[in-house]
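The values are calculated or read from the model by the stated rules, or taken from the named source; none is laboratory data. Keep in mind that this is a model prediction, so the values were computed, not measured. Please note: Cβ atoms are built from the backbone with ideal geometry, for glycine as well, and neighbour counts cover all protein chains shown.
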Amino acid sequence: MSQANRTGEVALTVMVDAPGQAALDRFRTAHDPAMSRAGALQAILSAWMEANAGTPGGGAADEGLRPSELNASNDI
């Protein structure tokens, strides 16, 4: 079982194949060549979480129709 440090971070070991390593290196080159692969992976994951926050299926949350838009034709 993992234990979090004082900031709530947990260390993980991730196995990445050669194409994944190449993708991380391209990301580092494009964003910050001094960034480590671990830092690149953390940045990618943070960006994904921000873009998909609060939505089980990912993407923007579907808020449905407004009450004024409801009628018999869209009653499923």
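Only residues that are in contact with a helix residue (DSSP H, G or I) (Cβ under 9 Å, 6 or more places away or on another chain) and either surrounded by fewer than 12 Cβ atoms within 10 Å (Cβ to Cβ) or modelled with pLDDT of 95 or more (or both) were counted in segment 41-52, giving 0. Restricting attention to segment 13-27, the residues that are surrounded by fewer than 10 Cβ atoms within 10 Å (Cβ to Cβ) and not small (Gly, Ala, Ser) total 5.
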